[in-house]
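Trainee: Let me begin by handing over the structure; questions about it come next.
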Amino acid sequence: MNKITVKILIAIIILFGLTKSVYTDELKPKDNHQFSFFSGIFDFSDKGKNSEIIGVQHLNENLFRDSFLGKIRPVTGFMMTADSASYFYTGIQAEYDLGKLNITPSFTPGLYSEGDGKDLGHPIEFKSELQLSLDVSPNSELGFSYNHLSNASLGEKNPGANSYMFNFMKSF
């Protein structure tokens, strides 16, 4: 990942981390949104095609349902590697809060473009992810996530990709 991209990502994290909500409960907007910024290694298990990755993810905190599987909500995001591979996705995630620790599994189908990166065998890929995060303030979290991309044998080949990321989540 080039130094400019890293500096921009760090500046965004610092900016969002230092901001505080200036709303009182009466003035707080009804549409709360959470953005997650992440960076890590795409396909770390394939030494020939691994690459740095950055991305952003959005959650509308009003669109959730309590179910027997936990708190379920839609998630949408985009990630890009240093090799210009990209993945745009939307799906669902469950949330389990254990005090300050949060466990968040998700499943998000999406569209993958290999760019100069790894050929995953099909433009439709499915991302399964597990994220562990820690509440650092009432509206911020730091976390670590692991995911696997696979085309579920839609293509002639299905090499998959395993990635890990460090995450910063901020609610507005």
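The values are calculated or read from the model by the stated rules, or taken from the named source; none is laboratory data. Keep in mind that this is a model prediction, so the values were computed, not measured. Note that each Cβ is placed from the backbone with ideal geometry, even for glycine, and that neighbours are counted across all protein chains shown.
Trainee: Is the range 151-158 home to any residue that is modelled with pLDDT of 95 or more, in a strand (DSSP E or B) and either surrounded by 15 or more Cβ atoms within 10 Å (Cβ to Cβ) or β-branched (V, I, T) (or both)?
Mentor: So far as the range 151-158 goes, no, none of its residues is modelled with pLDDT of 95 or more, in a strand (DSSP E or B) and either surrounded by 15 or more Cβ atoms within 10 Å (Cβ to Cβ) or β-branched (V, I, T) (or both).
Trainee: Now, a different point. Taking the condition of being closer than 13 Å to G70 by Cβ and either in contact (Cβ under 8 Å) with a residue 24 or more places away in the chain or not in a strand (DSSP E or B) (or both), how many residues in the range 98-116 meet it?
Mentor: Qualifying residue count, the range 98-116: 5.
Condition check ((1) among the charged types (D, E, K, R); (2) in a strand (DSSP E or B); (3) surrounded by 15 or more Cβ atoms within 10 Å (Cβ to Cβ); (4) modelled with pLDDT of 80 or more) across all residues:
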| site | (1), (2), (3), (4) |
| --- | --- |
| S21 | no, no, no, no |
| T24 | no, no, no, no |
| K47 | yes, no, no, yes |
| E52 | yes, yes, yes, yes |
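Trainee: Which of (1) within 15 Å of G40 (Cβ to Cβ); (2) in a strand (DSSP E or B) is the odd one out, the single condition D83 does not satisfy?
Mentor: The single condition D83 does not satisfy is (2).
To keep it simple, each residue is scored yes or no on (1) under 21 Å from N60 (Cβ atoms); (2) touching a Phe, Trp or Tyr at 6+ places or on another chain (Cβ under 7 Å); (3) surrounded by 18 or more Cβ atoms within 10 Å (Cβ to Cβ); (4) free of Cβ contacts under 8 Å to residues at least 12 places away in the same chain.
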position: T81; (1), (2), (3), (4): no, yes, yes, no
position: T90; (1), (2), (3), (4): yes, no, no, no
position: K118; (1), (2), (3), (4): no, no, yes, no
position: K127; (1), (2), (3), (4): yes, yes, yes, no
